[in-house]
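Data block below; observations after.
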Amino acid sequence: MASTHVNPTRMELTRQKKKLATATRGHKLLKDKRDELMRQFLDLVRKNKALREKVEAKIAAANQNFVVARAGMTDEVLNVALMTPKQEVYLETSVKNVMSVDIPQFTYKTRTADANDIYSYGFAFTSSDLDDAVKSLADTLPDLLELAECEKSCQLMAAEIEKTRRRVNALEHVMIPQTQANIKYITMKLDENERSTQIRLMKVKDMMLEDAHHYKERAEERAKSC
């Protein structure tokens, strides 16, 4: 339905046509963006599912290793061995722009490059089961960070998809139909005004010709003479 506040002028018609062209182009671009976001989102969801299964399996294995290690050691020895960590991990964050979505990226580095610094205890009074447990837990960290990065990316991308979908629907079901209705309304009004003007001009022409040649008076005189 055309807006009642639209002025049926040629300038307004030109403005509405430009608005329609911009809205149509924006609608196409947003649809393309939505489709590409959906494709990348589905890829991320599949990747997230595989990573979660992998991380959960590694954490379960690490927990089993710690249970085995605890069974072969006293609580006092285990607590002392794990009381003071030797290695430190520093997490660094950055962002990558994907289809106007700032996706986080996590990287980490350790305080020292020595891989054996994950063991904060001496090997004389501890069992090899504890070494396996600590090593399996340390090996889980890269996949755990990648999983966190992937899950956050999925959340941000899902929010952007929803926002883009609302914009596409607003253009497709509100702005474009309303603008088309405005153009149709203005075109009809202009055509109606043009016809009215043409009829008025024809009447004025007839009146001018009548004043100049007195067609009606001559016709009446001929009718009387007959």
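The values are calculated or read from the model by the stated rules, or taken from the named source; none is laboratory data. What you are looking at is a predicted structure, and each value in this text was computed from that prediction instead of being measured. Note: ideal-geometry Cβ built from the backbone for every residue, glycine included; neighbour counts use all protein chains shown. Side chains are part of the model used for accessible areas, which takes the heavy atoms of the whole protein and leaves out ligands, DNA and RNA. Shrake-Rupley method; radii C 1.70, N 1.55, O 1.52, S 1.80 Å.
Quick note on segment 9-65: its Rg to Rh ratio, both from C-alpha atoms and Rh being the Kirkwood radius, is 1.58. Note on exposure: H27, H5 ranked by accessible area (1.4 Å probe, complete protein assembly) read H5, H27, with the most exposed listed first.
Could you work out [θ]222 nm for the chain from helices alone, using -39500 (n - 2.57) per DSSP H run of at least four and dividing by all its residues? Round to the nearest 500 deg cm²/dmol. Numbers along the way, then the final one.
Details: 5 runs with 161 residues, N = 226.
Rounded to the nearest 500, the figure is -26000 deg cm²/dmol.
Just how large is the dipole of the chain about the Cα centre, in debye to the nearest 20, putting +1 at every Lys and Arg Cβ and -1 at every Asp and Glu Cβ? List each step's numbers first, then the result.
Details: 38 positive and 34 negative charges, 412 e Å.
Magnitude of the dipole: close to 1980 debye.
With a Förster radius of 25 Å applied to the beta-carbon distance between A170 and L91, the computed FRET efficiency rounds to 0.05.
Placing +1 at every Lys and Arg Cβ and -1 at every Asp and Glu Cβ, with all other atoms neutral, what dipole size does segment 31-165 have around its Cα centre, in debye to the nearest 20?
So the dipole magnitude of segment 31-165 works out to roughly 620 debye.
Eigenvalues of the alpha-carbon gyration tensor of segment 57-148, scaled by 5 and square-rooted, set the equivalent ellipsoid semi-axes at 32, 15, 9 angstrom, largest first. With N the number of residues in the chain, Rg(Cα) / (2.2 N^0.38 Å) evaluates to 2.31.
Each of Q180, A133, M157 was scored by the projection of its Cα onto the charge dipole of segment 124-193, and the greatest displacement toward the positive side belongs to Q180; charges sit on the C-beta of Lys, Arg, Asp and Glu. Placing unit charges on each Cβ (+1 for Lys and Arg, -1 for Asp and Glu) gives the chain a dipole about its Cα centre, and among T197, A69, H5 the Cα reaching farthest toward its positive end belongs to T197. Between the beta carbons of E192 and R15, assuming R0 = 25 Å, the FRET efficiency works out to 0.80 to the nearest 0.05.
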